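Notes follow the structure.
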Amino acid sequence: MDVADKLEILADAAKYDVACTSSGIDRDAQKGKMGNTLAAGICHSFSADGRCITLLKVLMTNVCVYDCAYCVNRASNEVPRTAFKPRELADLTMAFYRRNYTEGLFLSSGVLRSPDYTTELMIRTLSILRHEYGFRGYIHAKAVPGTSPELIGALGHLADRMSVNMELPSQESLRLLAPDKSKHDILAPMRQIKDNIAEDRDTRALMRRETTYMTQVRPKRKERAFVPAGQSTQMIVGATPESDFQILNLSAALYRTLALKRVFFSAYLPVNADARLPASDAVQLNREHRLYQADWLLRFYKFDVTEIIDEKHPFLDPDLDPKANWALNHLDFFPVEVNAAPFEDLVRVPGIGVRGAKLIVKARRTASLGEPELRKLGIAYKRARFFITCRGRWAGKGADFSREGLRAQLASPIEGGRHGRRADRVSPNQLSLFDAVETSEKTRIGRVDPPDRGLPEAPRAEGRTPSGALLQDAGRAGTPPRGEAFPQGAAGPAGALPQVPEAPWPLERKSA
Ligand code: SF4
């Protein structure tokens, strides 16, 4: 099997992992090295099913000794299996980067032989990228639950972000659907990553002050920061009976105790027939969407989870966003005067976001604000007007200021109604990494197979992927490659699994 075939299988197998968005870290280019990263976000392209592909999102291998009920790569499924050799994947990442196809790597994996063996493969790949090729682009690496602390430590010094997937919100659900994983195996690496990040930051802060104390503990050589962009996790929603109340409480606890940057929610997508899984495939993206809105309130609006949801109403209202729902349950809090209310009160008004509240606070220093000024500041006035006064006058004149009356005004079923399965949603003009999707006459694109499928071809003016599909980042079309030459991948014998090179660190291997 050549590298392109492996890529096709392993990129497709990785599409169910949603835990990637922007990089969250700034790092400038450096002379003699390759790449940089921007905190402002590097997700410009999305695959046909809505997943980001600006990062080369791929599995090290889809061979897996575990048998998680919800996973397409589980041991009991009969699917084509393959694995990258570390150098193949490193070369591929560089080749994609040089051709402007991607800006980094999102690396996950099935469990090949054991968590430690798999992690060694990932470390070897990232070592080649970072140390041999001097790659400074963004790398997100998944930690496999059950990996030894030494290997988590080594991986963390090579990646920018790490994540350990919670997968399911309770121990019972894990036991039912992912019997090879345990709560401890998942939480232990998360705790270690959190502690190592804090330790690394402290050490660096001390080094910058150059205290005499540091002459004893200063590292001998400059090491890469440990997971500088923090850690995240992912939970599947809808495969098990846990309520939004349980999911949001767990998320809040993870933010509080493990300092997570992000909790991703993934609406359950049936890919296997299994008696342990829900019979229906009607888990809707609407629920995932409301959970993300609630998550936003926790992270940026300083809501407490108890303000968003309670045990008596364990599911978020599908027709009302959680902030509007809070407002309707706290009508005694409103209206707030936009010319006087503190920032913390302004952000609680439906229609006023964090940015809008900041603009209001700044603008009212020099002017008294009314409807025209608020509209100019970009406030969603049509929503906000029921909850504010401007210069002492209620802006919602004529509206019924009752829970029912306001609910009728604010209820907003998510556009498109019931989204249904994510896999069924193919937007026009969005192509998968490999398929040439016929859309309209105007955007029809024929698949162009490269003459040699061993490695990506030179970039085409339209910005196509190696197999001819068009990347969605129109701004990149026709941009020149980042380098002239790229390393040639060394494809192994057909179907052979990679030989792991000797690890440069001492370790004890766990058995599977
Ligand atoms: S460990 Fe479970 S979720 Fe991960 S690849 Fe294997 S079967 Fe899938």
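The numbers here are math on the coordinates, done by the rules we state, and not lab data. Please read these numbers as outputs of a predicted model, since none were measured by experiment. With ideal geometry, Cβ positions are generated from the backbone for all residues, glycine too; neighbour counts draw on all protein chains shown.
What to note about this one:
- For region 82-155, the set of chymotrypsin sites (Phe, Trp or Tyr not before Pro) satisfying both a DSSP loop assignment and a count of at most 15 other C-beta atoms within 10 Å is empty.
- Stretching D400 away from N272 to a fully extended chain increases their span by 41.1 nm, per 0.36 nm per residue minus the current alpha-carbon distance.
- Likely footprinting exposure, H184, H313, fewest C-beta neighbours within 10 Å first: H184, H313
- Here r is the Cβ-Cβ distance between D67 and F333 and R0 is 56 Å; the resulting FRET efficiency, rounded to 0.05, is 0.65.
- Ranking of D202, D321 by neighbouring Cβ atoms within 10 Å, starting from the fewest: D202, D321.
- Counting beta carbons within 10 Å around each of Y16, Y292 and listing the fewest first gives the order Y292, Y16.
- Contour minus Cα-Cα distance for K183 and A29 (0.36 nm per residue): 51.5 nm
- Ranked packing of 391-403, 142-154, most packed first, by mean Cβ within 10 Å: 142-154, 391-403
- DSSP-loop GluC sites (Glu not before Pro) across region 314-416, with at most 12 other Cβ within 10 angstrom: E415
- If the chain linking A279 and S76 were pulled fully straight, counting 0.36 nm for each residue of separation and taking away their Cα-Cα distance, it would gain 71.2 nm.
- Those GluC sites (Glu not before Pro) in region 50-148 that DSSP places in a loop and that have at most 15 other beta carbons within 10 Å: E78
- Summary of the geometry: region 222-236 and region 147-193, compared by the centres of their Cα atoms, lie 13 Å apart.
- Rounded, prolate or oblate (a/c below 1.5 giving rounded, otherwise prolate when a/b exceeds b/c) for region 322-410 by Cα gyration tensor: prolate
- In terms of its C-alpha gyration tensor, region 107-205 has an oblate overall shape, because the principal axis ratio a/c (a ≥ b ≥ c, square roots of the eigenvalues) is not below 1.5 and a/b does not outweigh b/c.
- Under-5 Å amide H pairs with A267, H placed in peptide plane, nonlocal only: V237
- FRET efficiency, D310 to T257 (Cβ-Cβ, R0 25 Å, nearest 0.05): 0.75
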